[in-house]
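Trainee: Please find one structure pasted underneath; my questions will follow.
The values are calculated or read from the model by the stated rules, or taken from the named source; none is laboratory data. Here the structure is a predicted model, which is why all the values come from computation and not from measurement. Cβ coordinates were reconstructed from backbone atoms using ideal geometry, including for glycine residues, and neighbour counts include every protein chain displayed.
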Amino acid sequence: MTTESTAMSSPNESTPPVLGVPALVVSGFLGAGKTTLVKHLITDAQERGLKLAVVSNEFGELGIDKALLQEAGGPGYVELEGGCVCCQLTNELLETLQNLWETIHPDRIVVETSGVALPFETLMTFWREPITEWVGESLAVVVANAEQVAEGRDLEGTFEQQVSSADIVVLNKVDLVPEDSLGKLEDILQDMAPDAPMIQSIQGQIDTTVVFPPTSNQTISPKRTSKPELIPHTHEAFESQELSIPQNITPEQLVQQLQPLQALRIKGIVNTSQGLKLVQGVGPRIDLSAPPPNLPQEMIGRLVAIRRK
């Protein structure tokens, strides 16, 4: 991440910014494409010469997103593992954000929640001292997987709570569904979040000026006018399981082994007969692609599967 002087003057510790640092909570159900969207936000900030701080939270302890985002995010990237940032790790999130403010003075903040977290609760952190002294507008951006909505899969409970908390809904992976079905899918999401603007995307590619307006005239206004009320949740009894995969398994054998698990989400790195592959599964779909560079050796051959208990 660039550390050069930016078009926006970075504040110092004794002088809080007039408008505050804009903050996003990027949320969405397992496999919606949150990490892909965050990578896009990182790239955009770098191209604009802005310092973006990213805090990512995974449900489970393997830390796959760290490998996917660490190199892109640089010193402004921090991962919180092994719990949920909206409940078990709220104090850790508070401390992490304050440390990022004091050390790198970011121009923008992004908190990527796990796929089972509620953005409404995560936003509570931005109302707590000392964060509230320097943070500016905070918005909840919820990413929804168009294919999941089209199949009517797992749309109750956590999914609906996430979408209903959104200030902006990103309908992602629209290339995986028929174009003439998009209106119906948007209607389903609009019923859950009647006041939230809707953006369609492929691979998380959105116009970032929608979520980070270039001027003080905000394109999107948050629905909240007062501090949100905390509503406890229990993650619908989700569990994460780490899987060990033998080396040189063929891609076909790997897919055949993973599909019967019926996991909500699978993510990891496997050394297949065709080389290292990043494995990402959402419901019945298992995708294999090139992995990020400079992977820690201990991550190879390990997968995390998240399922309901």
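Trainee: One residue is enough: does segment 71-91 have a residue meeting the conditions assigned to a helix (DSSP H, G or I), in contact with a helix residue (DSSP H, G or I) (Cβ under 6 Å, 6 or more places away or on another chain), modelled with pLDDT under 65 and of a type in the set (D, E, K, R)?
Mentor: No, because not a single residue in segment 71-91 is assigned to a helix (DSSP H, G or I), in contact with a helix residue (DSSP H, G or I) (Cβ under 6 Å, 6 or more places away or on another chain), modelled with pLDDT under 65 and of a type in the set (D, E, K, R).
Trainee: I'm trying to understand the selection: among the residues of segment 288-309, which are within 18 Å of the chain's Cα centre (by Cα) and in a loop (DSSP other than H, G, I, E, B)?
Mentor: Residue satisfying the conditions is PRO292 alone.
Trainee: Identify the single condition in (1) modelled with pLDDT of 80 or more; (2) over 19 Å from the mean Cα position of the chain (by Cα); (3) part of a loop (DSSP other than H, G, I, E, B) that THR209 does not satisfy, given that it satisfies every other one.
Mentor: Condition not satisfied by THR209: (2).
Trainee: Hey, among ASN248, ASN217, which residue is surrounded by fewer than 16 Cβ atoms within 10 Å (Cβ to Cβ) and either touching a Pro at 6+ places or on another chain (Cβ under 6 Å) or modelled with pLDDT under 70 (or both)?
Mentor: ASN217
Trainee: Given GLU179, GLU186, which one is in contact (Cβ under 8 Å) with a residue 12 or more places away in the chain and over 19 Å from the mean Cα position of the chain (by Cα)?
Mentor: After applying the criteria, what remains is GLU186.
Trainee: Please go through segment 32-68 and pick out each residue that is at pLDDT 85 or above, within 23 Å of ILE286 (Cα to Cα) and in contact with an Asp or Glu (Cβ under 9 Å, 6 or more places away or on another chain).
Mentor: Correct list: LYS34, THR35, LEU37, VAL38.
Trainee: Restricting attention to segment 92-134, which residues are within 22 Å of ARG265 (Cβ to Cβ) and modelled with pLDDT of 90 or more?
Mentor: Hits for segment 92-134 are VAL110, VAL111, GLU112.
Trainee: State the number of residues belonging to segment 252-275 that are assigned to a strand (DSSP E or B) and surrounded by 16 or more Cβ atoms within 10 Å (Cβ to Cβ).
Mentor: Residues that pass the stated criteria total 8.
Trainee: Any residue in segment 248-257 that is within 21 Å of GLY31 (Cα to Cα) and either touching a residue at least 60 places away in the same chain (Cβ under 8 Å) or not assigned by TED's automatic domain parsing to the domain that holds PRO293 (or both)?
Mentor: no
Trainee: Please state which of the following conditions THR234 fails to meet, knowing it meets all the rest: (1) surrounded by fewer than 11 Cβ atoms within 10 Å (Cβ to Cβ); (2) at pLDDT 80 or above; (3) under 21 Å from the mean Cα position of the chain (by Cα).
Mentor: Answer for THR234: the failing condition is (2).
Trainee: Condition first: among the aliphatic types (A, V, I, L, M) and surrounded by fewer than 18 Cβ atoms within 10 Å (Cβ to Cβ). Now tell me which residues in segment 151-173 satisfy that.
Mentor: The one that is among the aliphatic types (A, V, I, L, M) and surrounded by fewer than 18 Cβ atoms within 10 Å (Cβ to Cβ): LEU155.
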